[in-house]
Amino acid sequence: MSSTDPNAWAVHKFGGSSVADADCFARVADIIEQQPRGRVAVVLSACKGVTDGLLGLVQLAEQQDERWVHQIAALRERHAVIARALLPAADATAWLTQFDADRDDIAAILKGVRGKQPADGSVRDRISGYGEIWSTRLFHRYLAHRGVRRNLQWVDARQCLQVQWGSLGPAVQWDASRASLRALLAPDVATLVITGYIAATPSGVQTTLGRNGSDFSASIFGALLDAAEIHIWTDVDGVLSADPRRVPDAQVITSLSYNEAMELAYFGAKVIHPQTMAPAVAQNIPIWIRNTFAPQKRGTLIGAVTNKEQPVKGITSIENVALINLEGAGMIGVPGTAHRLFGALREAEISVILISQGSSEHSICCAIPGAQAQAAHDVVQRAFERELAEGQIQDVQLTRDLAILAVVGDGMAGMPGVAGKVFQALGAANINVRAIAQGASERNISVVIDGAQTTRALRATHAGFYLSPHTLSIGVIGPGTVGKVLLDQLASQQARLAREFNIDLRVRGILRSKQMKLAEPSIDLSRWREASAEGAEPADLERFIDHVHAGFLPHTVLIDCSANESVARRYADWLAAGIHIITPNKKANSAELSYYDRLRDARRSSGASYLYETTVGAGLPVVQTLRDLRETGDEIRSIEGIFSGTLAYLFNIYDGSTPFSAIVRDAKSRGYTEPDPRDDLSGMDVARKLIILGREMGLRLEMADVQVESLVPASLVGGSSEEFLAQLPQYDAQMQARFVAARDRGNVLRYVGRVSADGKATVGLVELESHHAFANIALTDNIVRYQTARYCNNPLIVQGPGAGPEVTAGGVFADLLRLCTFLGARL
Ligand code: ADP
Ligand code: ASP
Ligand code: MG
């Protein structure tokens, strides 16, 4: 990092956050004293918050609010605490005497402001620049007091840095500045302490380089001193791939080209001021961005070359943007429209951030700062008054509260698919793109989006380029038998999924019937039982959804492991809101067709995924198989199967030797039936599964269309389940007779559901030949047979355990990972 020339200058700039208090000043001095040979120029910002404080004084004075008097006293006290902590008493007093002289000057200026509204720019410039004077004077004394660096000199940039403000910002007057600096420097100077941010105009009036201008100061002084390197010290480890406050997984970028850094800075990466680059580029001075609070870290190197291996370096955003859209057939082929539009905006001093025009020339739109939205709208409307009146231009539309998201990187040039990835990531996160611009340099793809979605958009695109993990915000509803096992399975795989596939599964809420647990950033799955009880609150579905569907996370998924009808009735709204749903709950898909259609429509319009493989056959690939067949053009003729583990078990065991009622009682005691066995025996559960498959085949089936043979005798439908079990033996003879009749024909009894392409759907007890596939399944297995155009003579069969918490939870988990791949993860 050091130059070979022992006399070369290195410029070190410390931002406000690096000089926030006495400890910070000590840290900065340590860093300076540890620099290798060579001369060092230290450029300092004002102490953190001081520039804002000074501008606040002006504002109060403008409003004739006397409180500025107290606020300036507070600023004095804040600095006095630092000075007393760092300097010997006499030094601190001398420093405070200088401060008080400045304070009196400020008071005099502010008194002049009173009554005039608002203060002119020069007043603001003069006052806001004091922060840098105070911090550098203090640091200069402190460094002298420590005595390590010799030949120190304090430099007031107003005496040597000349800038001329124009429409493109401050233009450095290089020759004049160079000459003044040369004249100012002592011949043997080795350490400079220079005020950041401030400068003077050619006529000697104090000015600034604009907010955050100390970075610019650093590179200007770097150029004036022919420095070998510039270090910008701040409070993060370097330039990050996104603003860490918005994207917590942002990574340090090892190296950036000047152009990339400029683009990132222009598009909102506050870590460096956009104008910083120009002086450094002109002299090819490398710029390091480093962390004052972790000086051992390498930081980011900004230089002439880029790291081509990483096409996308960073993603940034500009907020509070408005869009002006000019639309009209009259613009097609008419030269000069754009010129007039931008001319009008320029005259009103409105800067244009982004421009986009379709090749049809039917519309042209541009993004402008939100604060100037109304002014821009008015001026454009005036400029096209005639065309608007004559109808050549239909409308000048203004849309507010937008943001620009910019994806930046040199390597994007000539690399296909980068834009595609941006839109895929935004689309999957359900973010609408209002306008797009890509510079011919292909260094930047910018999209205009809804301002409220900025954080989500940043996170989604950041993850889309593998700059951070694919994060899913997960809410689990009803952790019953299946939900519990699912949470255990997630806990056991979470770390591996993060490590191997960059998937970040965050269970942020668990909702039970009475209580719920909401967590930020997520529930610790390794101890979810305890964690979900700690600080649990009364269940509230609305709050639960609000929390899990947090705007800042790109994707939300609700996993409904309840069998609750009222929860299922909410799916359509949730899907419409872009929330993904995964569920083994059959209630939604077997509801009336009008609701089923709403579910499909909601899913289609929002792009949210709705996955329910486990509604039929638990973890067996029943729904997916059917979908694959249909989507590849196969024609489904019929689907039949044993869809109930309980009924499969009952008829696998029943061999006529033990009464049927005794088998039911035994199965219940083993936990193979629902608490009330009638729920299984009624066939309704099978009918629901059949409806789901029938609809998946494209049939418009309602529950009433399914002919269901219930195994619950009509006289036993009412009453408690105990009464039912007590009375069931009365019907044993009837069942026995059916069994014997079948056996005499060499057949067996099985409870089968069947749906065919003509819309016929039946559920009931049938006689099958003893070698039939359905007659030879184990215990509670499910079996599904697809008869299709392709699988015609020899049907496709899916068979295996079709119930039980382990396999059902596994199926739900598989749906979750399928969702991750839809959202762009590579498994
Ligand atoms: P200083 O006081 O050192 O000038 P700033 O607050 O001006 O510091 O800039 C540093 C801050 O910029 C960081 O704390 C970070 O929150 C923010 N920031 C925004 N975007 C980025 C980015 N892409 N990389 C690093 N920091 C960023
Ligand atoms: N102190 C100035 C500001 O807050 C300049 C800077 O810190 O870069 O804008
Ligand atoms: Mg800054």
| message | Residues of segment 129-147 with backbone nitrogen within less than 16 Å of a virtual label 7 Å along the Cα-to-Cβ line of ARG76, please, listed as ranges. | response | 131, 134
| task | Just need the relative contact order of the chain here, percent rounded to a whole number, with Cα pairs under 8 Å and 6+ apart. | result | 8
| task | Keeping all protein chains in place, calculate the accessible area per residue for the chain (probe 1.4 angstrom), answer in Å². | result | 41
| note | For segment 727-827 the mean separation of alpha carbon contacts under 8 Å (6+ apart) over residue count, i.e. relative contact order in percent, is 14
| said: Which aspartates and glutamates, if any, have their Cα less than 14 Å from the Cα of LYS308, not counting same-chain residues under 8 positions apart? | reply: GLU260, ASP410, GLU442
| said: If amide hydrogens are placed 1.01 Å from N in the peptide plane, which non-local residues have theirs closer than 5 Å to the one on ILE353? | reply: ALA367, ILE368
| message | Could you give each residue of segment 445-458 its phi-based ³J(HN,Hα) in whole Hz, using Karplus coefficients 6.51, -1.76, 1.60 with θ = phi - 60°, and x for Gly or Pro? | response | 10, 10, 10, 9, 10, 5, x, 5, 9, 4, 5, 4, 5, 4
| task | Take the Cβ-Cβ distance between ARG67 and VAL205 as r, set R0 to 25 Å, and report the resulting FRET efficiency rounded to the nearest 0.05. | result | 0.30
| task | Could you tell me the accessible area of ARG27 in Å² (1.4 Å probe, neighbours in place), rounded to the nearest ten? | result | 80
| field | Chain lengthening between GLN98 and ALA773 when straightened (0.36 nm per residue, less Cα-Cα) | value | 233.2 nm
| note | If the chain between ALA338 and ALA533 were fully extended at 0.36 nm per residue, the gain over the current Cα-Cα distance would be 64.0 nm
| request: Sort 134-145, 15-26 for me by packing, meaning the mean count of neighbouring Cβ atoms within 10 Å per residue, highest on top. | output: 134-145, 15-26
| request: Pop a pseudo-label 7 angstrom from the Cα along the beta-carbon direction at both GLN397 and ARG604 and give the gap in nm to one decimal. | output: 2.4
| task | Evaluate the relative contact order of segment 440-512 (contact order divided by residue number), counting alpha-carbon pairs under 8 angstrom at least 6 apart; express in whole percent. | result | 37
| request: Report, to the nearest whole %, how much of the accessible area of segment 329-415 belongs to carbon and sulfur atoms, 1.4 Å probe, protein only. | output: 50
| message | Probe radius 1.4 Å, ligands and nucleic acids ignored: give me the carbon and sulfur share of the accessible area of segment 584-689 as a rounded percent. | response | 45
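Grab the beta carbon distance between ARG37 and ALA171, set R0 = 45 Å, and tell me the FRET efficiency rounded to 0.05.
Step by step, r from the Cβ atoms, then E = 0.85.
For a 23 Å ceiling on Cα separation, which of these pairs sit above it: LYS514/LYS668; LYS48/LYS313; LYS313/LYS421? Working shown, then result.
On the way: LYS514/LYS668 27 Å; LYS48/LYS313 29 Å; LYS313/LYS421 14 Å.
Beyond 23 Å between Cα atoms: LYS514/LYS668; LYS48/LYS313.
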| task | Work out, step by step, the length gained on full extension between ALA495 and ALA577: first 0.36 nm times the residue separation, then minus their alpha carbon distance; give nm to one decimal. | result | 26.6 nm
| query | Looking at the square roots a ≥ b ≥ c of the eigenvalues of the Cα gyration tensor of segment 563-686, which shape do they give, rounded for a/c under 1.5, prolate if a/b is larger than b/c, or oblate? | reply | prolate
| Proximal lysines to LYS760, defined as alpha-carbon separation beneath 27 angstrom and excluding residues fewer than eight positions away on the same chain | LYS586, LYS587, LYS689
| message | What are the extents of the Cα atoms of segment 448-525 along their three principal axes, in Å, largest first? | response | 44, 30, 17
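The values are calculated or read from the model by the stated rules, or taken from the named source; none is laboratory data. Please read these numbers as outputs of a predicted model, since none were measured by experiment. All Cβ positions, even for glycine, are placed from backbone atoms using ideal geometry, and neighbour counts span all protein chains on display. Accessible surface areas use protein heavy atoms only, side chains included; no ligands, DNA or RNA. Shrake-Rupley method; radii C 1.70, N 1.55, O 1.52, S 1.80 Å.
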